[in-house]
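So the structure is just underneath, and the comments pick up after that.
The values are calculated or read from the model by the stated rules, or taken from the named source; none is laboratory data. Everything numeric here is computed off the predicted structure, so don't read it as measured data. Here the Cβ positions follow ideal geometry from the backbone for every residue, glycine too, while neighbour counts run over all protein chains shown.
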């Protein structure tokens with residue numbers, strides 16, 4: 001769902017164009033952006049960011065997929081925004 005760039009590789013945003021091409025609605029894209037904003041932009045560690053997403057964002061299929069991916073990633077996930 002996201003775009004990555006820079007050195008070291010880090011999050012640079014949600015791939016909105018790709019999501020729309022795959023048939024995601026505006027509402028779904030907004031939910032995905034909200035989830036990734038909490039995970040990558042708010043500068044929390046991943047564990048804390050996941051907790052914040054669970055506590056502050058309503059359950060949705062997108063939230064479930066993203067959090068399951070993070071929890072089941074054997075090597076973790078990339079870094080958030082690097083200035």
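Inside the range 20-40, residues that are within 13 Å of the chain's Cα centre (by Cα) and either closer than 20 Å to residue 76 by Cβ or surrounded by 15 or more Cβ atoms within 10 Å (Cβ to Cβ) (or both) make up a count of 12. Within the range 67-83, the residues that satisfy the criterion of being outside any loop (DSSP other than H, G, I, E, B), modelled with pLDDT under 95 and either within 13 Å of the chain's Cα centre (by Cα) or surrounded by 10 or more Cβ atoms within 10 Å (Cβ to Cβ) (or both) are 69, 70, 71, 79. Between 61, 74, 8, the distinction of being out of contact with any helix residue (DSSP H, G or I) (no Cβ under 9 Å at 6 or more places or on another chain) and without any contact (Cβ under 8 Å) to a residue 40 or more places away in the chain belongs to 74 only. Somewhere in the range 51-62, is a residue assigned to a helix (DSSP H, G or I) and within 11 Å of the chain's Cα centre (by Cα)? Yes: the range 51-62 contains one or more residues that are assigned to a helix (DSSP H, G or I) and within 11 Å of the chain's Cα centre (by Cα). Taking residue 32, is it in a helix (DSSP H, G or I), touching a helix residue (DSSP H, G or I) at 6+ places or on another chain (Cβ under 7 Å) and touching a residue at least 24 places away in the same chain (Cβ under 8 Å)? Yes; evaluated as a whole, the condition is true for this residue.
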